[in-house]
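The values are calculated or read from the model by the stated rules, or taken from the named source; none is laboratory data. Note that the structure is a prediction, hence the values are computed from the model and not measured. A quick note on method: Cβ atoms are made from the backbone with ideal geometry, for glycine too, and the neighbour counts reach across all protein chains shown. Side chains are part of the model used for accessible areas, which takes the heavy atoms of the whole protein and leaves out ligands, DNA and RNA. Shrake-Rupley method; radii C 1.70, N 1.55, O 1.52, S 1.80 Å.
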Amino acid sequence: MSTNLQEQFEKLYGKAAEKTFFCPGRVNLIGEHIDYNGGQVMPCAISMGTTLLISKNDDNVFRFHAADFPETADIELKDSYTKTGTEWYNYPLGVIHEFLLKGIKLSGLNMLFSGNLPIGSGLSSSASIEVLTAYALNEMFSAGMDRVALALLGKRVENGFMGLNSGIMDQFAVANGKENHAILLNCDTLDFEYLPFEIGDYVLGVINTNKPRKLVESKYNERFAECMDAKAKLQQKLNINHLCDVSLDEFNANKDLIGNEVVEKRAYHVITENQRVKDARVALTSGDIKKFGELMYASHDSLQHDYEVSGIELDTIVDFCKTFDGCMGARMTGAGFGGCAIALIHKDKFDEFAQKIVPYYEERIGYKPGVFSSVIAEGVRKLV
Ligand code: GLA
């Protein structure tokens, strides 16, 4: 953490911060758009994320400042809140709201946030700020919640306060991340397992489309609704709680119940993606990077054609990866419609990859992508 932030805090609030916390962002290796369908996903926390400097105050006011955003707010302590506008501080305000709903007594707070996750890049800057605030409040007010409870609280903020019907994956990943490990999470039971992320001579590349964020929330909620529709139709005959409880054979035998070609394609993605995650677990634990890479390409293909959440920008990146000797697999990661793709790239070829993909993408899309390699890091934690 930079001393610059400490100085900025002191300048704003007249005193040094009592505590400093950090929460990472995440990438999802495989298992996309199945967390809200009771499936298994394989995310991991990354080294970039959000920092919070925080102190209690005696004025019963929550003061929100961010190093990277001009909007600030001073909000008086009340019993509850609702989202106001679209400013960034709605996320921590939603967390405060959830703590108050749980009957946890709070006092005013002076806060300074700072992040280095590209916003709207699909690396979960929102889960990062939610879990960061929840972790900090949990410590500051001795609320006694564990990491899973904090992740669930963050999800309630996203669903109830912010209005996005997202699943638990992002909050869970940034709360429970472990250095050099992927998390295999069962989103139905929340059972999870750490898988050593051993990819030999390969590195995990992240390619940011840099596409301006548009319509992600409404499209996301549309997909959620389509999945709930498919599930309800299949429940007429099948005894299932989630779409991911359906096997491919059962799906093929009963898909006519769905009665809508588009919704059928969405369900097909969900069911096949869940199987790919299971196969990816086997590939990763047995060191079969080639198979893991093939599953990544297959996942992207399904997200592109059946779930239709990719886009020309992400597809251009994955197309390039397929032709690049030294790339084992690639796919979009996160909600899609822009954001980032991930790729397994041979470490000796990474520089060449980065050099070549930029003009390839720029020629077709009109602006440059961002390219970096990512480190798999620990989840939310106290820094100072
Ligand atoms: C977003 C959501 C997650 C998950 C992914 C798609 O990141 O927040 O819950 O649904 O999209 O896999």
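Over all other residues within a Cβ to Cβ distance under 11 Å of Leu123, the charged ones net out to 0, with Lys and Arg as +1 and Asp and Glu as -1. The angle between the Cα long axis of helix 125-140 and the longest principal axis of the Cα atoms of the chain comes to about 40 degrees, rounded to the nearest 10. For Ile376, the residues 5 or more places off, or on other chains, whose built amide H falls under 5 Å of its own are Asn180.
Keeping all protein chains in position, work out how much accessible area Leu106 exposes to a 1.4 Å probe, and write it in Å² to the nearest 10. Rounded to the nearest 10, that gives 10 Å².
Would you mind checking the pairs Lys155/Lys265; Lys178/Lys382; Lys83/Lys382 and listing those with alpha carbons more than 18 angstrom apart? Checking Cα-Cα distances, Lys155/Lys265; Lys83/Lys382 exceed 18 Å.
Straight Cα distances below 28 angstrom link Lys356 to the lysines Lys211, Lys214, Lys290, Lys291, Lys322, Lys347, Lys368, with same-chain residues fewer than 8 positions distant left out. Extension gain for Lys11-Tyr360 works out to 121.1 nm (0.36 nm per residue, less the C-alpha to C-alpha distance). Highest GNM mean-square fluctuation among Asp325, Asp288, Asp249, for the chain modelled with Cα contacts below 10 Å: Asp249. Taking only alpha carbon atoms, region 24-63 gives an Rg to Rh ratio of 1.29, where Rh is the Kirkwood radius.
Under a model in which nothing but the beta-carbon of Lys, Arg (+1) and Asp, Glu (-1) is charged, the chain shows a dipole of about 440 debye around its Cα centre.
Rg/Rh, computed from the Cα trace of region 1-132 with Rh as the Kirkwood radius, has the value 1.00.
At q = 0.08, 0.11 Å⁻¹, what log₁₀ I(q)/I(0) does the chain have when each alpha carbon counts as one equal point scatterer in the Debye sum? Summing over Cα pairs of the chain leads to -0.42, -0.78. Relative to one another, the C-alpha centroids of region 230-246 and region 346-377 are positioned 41 Å apart.
Relative to one another, the C-alpha centroids of region 12-68 and region 133-165 are positioned 10 Å apart. Accessible area per residue for region 202-373, computed on protein heavy atoms with a 1.4 Å probe, is 45 Å². Here region 1-128 carries DSSP beta bridges of which approximately 80% are antiparallel, counting only pairs with both residues inside.
For the pair Thr3 and Leu215, label points projected 7 Å from Cα toward Cβ lie 5.0 nm apart.
Rolling a 1.4 Å probe over the protein heavy atoms of the chain, with every protein chain left in place, gives an accessible area that is 46 percent carbon and sulfur. Near the amide H of Gly108, within less than 5 Å, lie the amide hydrogens of Asn57, Asp59, Asn60, Val61, all on another chain or at least 5 residues away, with H placed in the peptide plane. Look at where the Cα atoms of region 306-341 and of region 82-122 average out, and the two centres are 32 Å apart. Relative protection proxy for 150-157, 314-321, from highest mean packing down: 150-157, 314-321 (other beta-carbon atoms within 10 angstrom). Would you work out which of Ile183, Ser128, Gly205 lies farthest towards the positive end of the dipole of region 82-226, given +1 charges on the beta-carbon of Lys and Arg and -1 on that of Asp and Glu, about the Cα centre? Positive-end residue among those listed: Ser128.
Only Cα sites of region 249-342 enter the Debye sum here, all with the same form factor; the resulting log10 I(q)/I(0) across q = 0.22 1/Å is -1.09, listed in q order. Select from Thr272, Leu117, Leu12 the residue farthest towards the positive end of the dipole of the chain; place +1 on Cβ of Lys and Arg, -1 on Cβ of Asp and Glu, and compute about the Cα centre. The Cα lying farthest towards the positive end belongs to Leu12.
Remark: relative contact order (the chain) = 24 percent; criterion is Cα-Cα distance under 8 angstrom and separation of 6 or more residues. For the chain, modelled as a GNM whose springs connect Cα atoms under 10 angstrom apart, the maximal fluctuation among Ala143, Ala330, Ala182 occurs at Ala143. Counting only DSSP beta bridges with both residues in region 202-373, the antiparallel share comes to about 100 percent. Label-to-label distance for Asp288 and Asn186 is 2.3 nm, based on points extended 7 Å past Cα in the beta-carbon direction. P(r) tail for region 202-373: Cα pairs beyond 30 Å make up 25% of the total. Here the Gaussian network model covers the chain, with springs between Cα atoms less than 10 Å apart; of Thr272, Thr72, Thr209, Thr72 fluctuates the most. Working from label points 7 Å from Cα in the Cα-to-Cβ sense, the Glu179 to Asn165 distance is 4.1 nm.
The sum of -39500 (n - 2.57) across all DSSP H runs of n ≥ 4, divided by the residue count of the chain, sets its helix-only mean residue ellipticity at 222 nm to -13000 deg cm²/dmol.
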